[in-house]
Every structure is written in C-alpha cells, then in structure tokens.
1. For residue C:325, project a label point 7 Å along Cα to C-beta. Then give me every residue of the range C:358-382 with its amide nitrogen under 16 Å of that point.
2. Once you've got the GNM for chain A with C-alpha springs shorter than 10 Å, pick whichever of A:125, A:79, A:274 has the biggest mean-square fluctuation.
3. Compute the FRET efficiency between residue A:1 and residue B:134 as 1/(1 + (r/R0)^6), taking r as their Cβ-Cβ distance and R0 = 56 Å, and round to the nearest 0.05.
4. Which of the peptides C:53-65, A:158-170 is most tightly packed, and how do the rest follow, going by the mean number of other Cβ atoms within 10 Å of each residue?
5. Using only the Cα atoms of the range A:165-323, build the gyration tensor, take square roots of its eigenvalues as a ≥ b ≥ c, and label the shape rounded, prolate or oblate: rounded if a/c is under 1.5, else prolate if a/b is larger than b/c, else oblate.
6. Return the calculated 222 nm mean residue ellipticity for chain C, to the nearest 500 deg cm²/dmol, obtained by summing -39500 (n - 2.57) across DSSP H runs with n ≥ 4 and dividing by the residue count.
7. Taking 41 Å as R0, compute the FRET efficiency from the Cβ-Cβ separation of residue B:189 and residue B:7 and round it to 0.05.
8. Sort A:270, B:93 by Cβ crowding within 10 Å, fewest neighbours at the top.
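Any read-out appearing in this document is the output of simple, stated calculations on the displayed coordinates, not a laboratory observation. A quick note: this is a predicted structure, and the numbers were derived from the prediction, not measured. Glycine also receives a Cβ, built like all others from the backbone with ideal geometry; neighbour counts cover every protein chain displayed.
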C-alpha cells in the first residue's frame, strides 16, 4: 500500500495501462509537454513520447471524434476534455456517435474509449468551468459514466474504464485531486457498475458522489453525535447504477438523502429518487430528499460559490429534519 | 484623453493602462486578493488598442478569457473591472462573473468568454443583427490562434462570408494555445490563409505595432460598414506571462525563457514611445507623467475594489432569469 | 518606498508554499521582474520575480519554511532607502457579506385540501400498520410535520377503550379486555365476513337416550359415565367424516376440507366462553370421547387449557339445552364453516302415522357459511345427523 493523491492515482493508472497495452494512448489539450492542467498526465509525455501522449488543438469536437475513430479501429484512447463544461462542444461525437455506434451497427462495433472530464466547484472558476453535468451523460444509453471519490477508487475504476469495450465518461471532481489515500501497489481494478458503502449505518442512507462523499462522511460524524447513524453510499458509477446496493441500504434505513453538487432540476438525484421510491416504496419512512446545488449558474465570488452548493452543515441540518 | 482629441496620446495611455492594470494583477493575484484565474494580456496591448481605436462606442466587440485588454481599450471602467476581479458587489457582474466573464453592453462589450472559440458565433450574430437593423454598427471579434481550430471558427466565418456580415475577425496570434505552440496545433503559419477557404480577405500584420493594427483593422471596418462583408486580420504577437498566473515560471515547461526575452525587446509600448519621441516630440518626462497618472488610476481601482463590500449572498440566486436589468 | 515580497498564489489550488531558495542575498540589488527566490508547492517548483526594483533589504521567511499564500516573506527597498522599522500590517477592509438571507430549497409539502380522513403516514408506517391490523387514525405521528412514521406504529399499544359511552349512576362500565376482547373481535369478524344461514331440524332422541342408558349400564363397573352430549359428539363426528364439506375451514380465497375431524365444544364460563377441541373425534371410541370431554370441560372451567387444546378445530358444537333454549342461530367459530347448535330436549306430542305420541324431541340448529356451503349441502348433512340420532345403529353403515 502506498499513500498517494487522487491525481497521482489517476496518473499511475494511465501509466500502468499504457505499459500493459500499447493500444492505450492519451490525447487532449495540454496533456503532453505541460502534463495536463491539473497534472493528471504529468510525466507520461516523457515516458511514452508525443505519439502516445498527444497535445491536441483546442478542438473538443475533434478530440472526442478522434477518440471515437481511433477506438473503432483498434485503439484504446483516453481523451481529456479540460473541463466538463467543454464537453458541450464534444456532445455530437459523444452522444450521437460514440454512444450509438455499437447499437446502430448491430453490435458489431465496439468503441473502447475513455473521456476524462474534471468537474465541480470550489475554485472560483465561475460559470463555464465549474459545472456538474453528469446528468446529461447519465441520460445516454450506450455511455458508461464513472465518478470516483477516493484515490483507491479512482485508480481501480480508471483501469476498468480503459479495459472496457464501451465509451466511458470518467468524471473527476477537481477539488478531490489533492486528496490522499491508500492505493495498493499491485495491479487491481474496481468493476464499473458497483457501488461502495463508505460507511455503514442504520438510520438514514446518504447517497453521494465525488467531493460530496467526503462532505457526507463529515456530516455522518456530526450526526452520529446526535444519535443518528448514517450509511454513506458512493455509487461510483452513475451509469449503469448499482441499485441493488442502494435499495438494500434504503430497505435497512428507511430514509434516503441524496447529496449532490449538481443543480437540482433534472439532476442525478431525480433519477435516484424516482427509482428508489418505485422499488422500495413500502420501506420509506420519510420522503426522499435531495440536498442539491441550487438552480443557478455557478457564481465567481468564493462566498457566493459556496452558498449555491451543499455544505456539511446543510447536510446535517436537512438530514436531522427527517427524524 | 479621447481618441478624437489626440489619437496618439490615446494609444499611449490605453496601452499603458492595460499594461499597468495587468502588472497590478500579478501582485493582487499573488496576494490572494483575487479568486479564480488570471489570464494576462501583457505583451499584446497593441492589438486591442489598435483595433478598438477604429470603433465607435456603439460598435461591438466579443472578447476572450484573456480579455482585460479588450475591455479597457473599448472603454471599460477600471474600477468596475477591478472590483469584478475581486468578486465584489461593485464589480461589473456584481461578483458573479469574475475575470473571464466581464461584459458591458452599454459600450458594446458583449462579453469575455471562458470557452475557446465561444465568442466567434456570438460576434457573427451581433453582426447579423446590425445588418438586419441597418444600424451601420460593426463587430470586432477577438480570439486567439488556438480558437481557429474550433468548429465555431469555421462555421461562423463561412456564415458571415455568405451573408456579407459587418464583422472583423481579429486573430491575436500569441503563438500558444495554453501550452501548445502554434506549430504543434496547426500546420499553417498564417491563420489569415484560412480566409481563402471562405472567400474573404485575410491579412497578416505585426500585432505589436499599434499603428499597423489600427490601419489594417480600420480598413476592414470601413469595408464592413460599406456592406462588403467580413475580413480576418491576424496580428502576430506574444504572451509574456504564462497562460495564467499559476503557470510555473511563465511557461518554462513548454517554451524557452530566452524566447520571452526576445519578445520583450519587441515591446509594443516601448516601440510606440520611440515613435512618439522621434515623430511627435514626446520626452521621457511626458512618458513619466503619463505613467504616474495611469498608475494612480490603477491604484485607485484597487482601492475601490478592496474597500467595496462583498455581494450579499442572495445575489447568488438572482439573475437566473432577466429581471429588467441592474444598471 | 518599501515593497513587500509575498508568498505568491500560483494557481487555483495553492494555499501555501515552501521557500526552496533565496536567489538574492540581503543587501543585493534586484531588478523588477528578476528571479528573486524559488518556491515549491505541492505541484510545482517556480521562480518568483522581484515585484519592484531596489535592494533586497530583508528576508523575513528563511529557506525551507512553509507559509501561507499572501504572507510577507521579504522586503525590497528603493536604492538608498532605509528599512522601515515597523511593517504596517495589512489593513484590508474586511467586508463580510450580510447574514445569509438566502433560502435553500424550500421543502414545503403540497397541502392536500383539508379532508378529515387524510392521514399523513410514511409508506413504511402504513405497511406496518397493515400488517399489525392497526388503525392509523388511532396513532399519533411524531415525524416531521406530525407524519406517522414507522417508530410510531411500532411503539403503539392499541388504546384500551374506544370513545366511552355515557355512564350514569348505577351503571357498571367495564373495559373489553382479555378473553372478552378476543371473543368480541372473533364474533364480529365472523358475523361480518360470513353470510350466515341457519337450518333448524327437530329430531326424536328417544333411541339415543335408550342407547345412552344401555351403554352406561355396561360401563358402570369401569366407573365411566357417558353423557347424552358425548353421544351427540360421537354421531356428529361420524356424520362429519361422511360430509367433509362442512368439516372445513376457509381463509381468504381458500377453502380447506380437513381430513381430521376436530370437534370444538363451546364451554360457557362465568366471564366468557372457550372452545376446547377434541382431536380426531371420528376415530375415538365413545368412552375416550367421554373422558376427554370431561377433562377438557374441567380444565376450561379452571382456566387451565393449553393453547393446543384450543386450536385446530374443524367444526363446533354448542349446547344451550340446559338453559331451556329450544333453538337459536349460533355464530360460526372462524375459520370454520359451520356450527351446530343443540337445544333443550322436550317431551312433546308428535304425530306418528294417524296417532299422537309423546316423544323426547330436540332441535338442531345448523349455521353455515353460505359463501362456501350451499343450503342443500347443509340440509343433507343435517338429514344424516337426524337419521343417526333417531336410529343410532345406522352408524355402522357409514
């Protein structure tokens, strides 16, 4: 076991997969010489050279499209879109092309590609660099959507994503990049589509991804002081969703609070809430609540920014109100 | 000093305003007074200044993430700009936009943009609008070399060409798309060559020569106003600072520091000072006085920004939909 | 003018930095923009440029130390300028934003139009209440907004009384509890669920009485005495073995015709009623029925019946003859499907052929659940029973 930051865990996953499989290559804006603006691809250019670590033009549609083309012709590209906000520019390639090809072509074509997208708030990057657009991607059959919260999960899931034969959107919460955690030295993977119980509890299930997992864990500590035992579940994959783990937890606790940075309307929590009430209605002892980002663009001013996304204190308060 | 009274003095003061504003940001950012990102325009002042010299207040510009210079050259208020960079209530966007999202439609600034190439279709639409309204306005669309690789560039220019829109696409070729040198992101040297593909005129000029910029853009503006359609003016220049103020050692990972020194020798302001001295009898004393005057404006702006209150938290929930305007 | 050198913020994530190396010595001249020191963060090592021209007058933070962003780490003075004694602390106007007036998502529930029967309860609470047969309107909600939640149902003990009837002097007001409460629930459930029909048939018991006397003569030496009731139990069991339709139970949508004939016998107590069960009554010798019945009745009166002696009945017999009742309409003991009421034996004039004879006659009142048994089925059973009572030897034909 080594202690490493999430950004380093991602870096080592990329490095090991590129060493293991020569079909794996990296492309994106500033991923080469510069090492990625968040440092995820640091050192890869030096080790693998400019042909396998490709600095692309600032052309998101072309990056995504090039990855699709490479993937259907035998390569395993890992593309970086600098901010999830810019995935909007790549949407046609991702949604109409990558996600549909296997299906449209009668199952004869696989699109083994990964698109890595940093997301989320916390850095005063304002409205065009701070969004949480996972719901857009969760909505598309044919895509897989992964969203790790710890260095261990990040490495194991990125390896699975690279080895997967389908287009995987890999969402990295930027505020978690510097978070440290234990990561095994040996090769390991974490299956896509499997949730993880980050903390066991009896009274209420908190469902969160990315940085909100850590907020939820902190809130769970505080709530424990008040006699409320929280189970914290990180779905880790947002498509396909591991409902078995989630439903089992809700059956046990009878309460579900979804914590998300994404804004409320038609966000990921709507999907979770709808399905859980459908499948576990008779086990609910309180309404399912969403502790979500407000329905506004992300403001620049740091205090305003903090105001529009959930805080630990807000989670504690809203969960207490369920009892 | 207004453009009409004394254009040379306006050129000098405007470029200096941009330079000193940006230099102040280096300090302000380092002190943690400014949240978010700071993409500085130092070294490229002649482009915004020369281009905006050709515009009327009612004309439009669209800007980029590296937009402070455009905003100042088009007449933006230094206090409101600085306050916005600090995220304060008195800023242009009441603290909600920050450095990358300043707009002032009252003087034709249609907004900086956080998306590379994001402003190009917007400029095209503004030009379409002024054509439809027969308003005789033109639009200058600023963007960098790397934005010319976005689909939005190609789609917009083709559209503007077909419809003969009054828009001037000013490429600030500062040689880098973040860390990637132009030679590594496109296989041409002159982006203006791309004009051929859309049947419009493309010109390459020295972007560090404010007079050359003004002449070339001025001709394109005149052409646009007379209904002859869009042009591409490519201004060759250089970004002295890193991509943003967190870019270590001003981009030493991807460029030779000697290259920066070489370009500093081509400083657009020093060059213009030389011209003013030889052609218009300016002295070091007049430069010094102007510099002191501008520096004071910048200090005042910082003081204004520092002493301004933070926005009220409920501001975060306002303006998701238009509420009739704030100013 | 002295210029502060601060630990610079280098990008979005940096909160502190470490001074690797001062590239200038104290007293050394510096140009603006010239590298002054080297700083490392969690991500990068970078040079910091001199913010002003002059002399590096003071190093406040030495090499190797880590400080927060924006902290003053050194001073540059203009050439010839003295180092100011006191470094004026930053006087930044801290303008805290106003207290948050901001509203988080308002979790106001849609108010249903006022309707008395609308009870706010969680799905889980409703399910629990359903399982326990509890009425939600009796339960007080302690959840948010008075919602009934699972713990309210779990902690609920049904109130001992409903709304009290008005009581005046001389009245005796007693709570229904214990056995009385169970009887009340079972009887009302049976009567409201099962459409009852009662058939009455008058039978001549002279043959059975004679048989009883003969049997008792035989058994006298063994100290066993058979009652008329024991004989009735015996013939009823025999008849039921022949008519399984009535030896049955019904639960929900399912009718189960039992293989064994387990006869319940209603026993009146001072404060209620119990129905001990004689298991496999159709296969027991009469003497065993007699002794078992005697034992069960004694136990019932002493309150010593065991649970299994009260369970598994397939048909019940209830006898009110000793109270002078001729006939009545008994209520079926659920989940059974029929019950036989036995009346008083009376000597009455009976027309026999063209003559009038005096005979001991008795009414049988058979109530049955018309959902699962038709009138004719019940009548045929009653006819068999009548024949067996009037001519007990026919029992051999069954």
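1. Residues C:362-368 qualify, since their backbone N sits under 16 Å from the label point.
2. So, out of A:125, A:79, A:274, the one fluctuating most is A:274.
3. Working: r = 72 Å, r/R0 = 1.28.
The calculated FRET efficiency here is 0.20.
4. Working: C:53-65: 16.0, A:158-170: 23.6.
In decreasing order of mean packing, C:53-65, A:158-170 become A:158-170, C:53-65.
5. On the way: a/c = 1.31, a/b = 1.06, b/c = 1.24.
Rounded shape, in that the Cα axes give a/c under 1.5.
6. Working: 7 runs with 93 residues, N = 398.
That calculation yields -7500 deg cm²/dmol at 222 nm.
7. On the way: r = 32 Å, r/R0 = 0.77.
Approximately 0.85, to the nearest 0.05.
8. On the way: A:270 17, B:93 25.
Ordered from fewest to most neighbouring Cβ atoms within 10 Å, A:270, B:93 come out as A:270, B:93.
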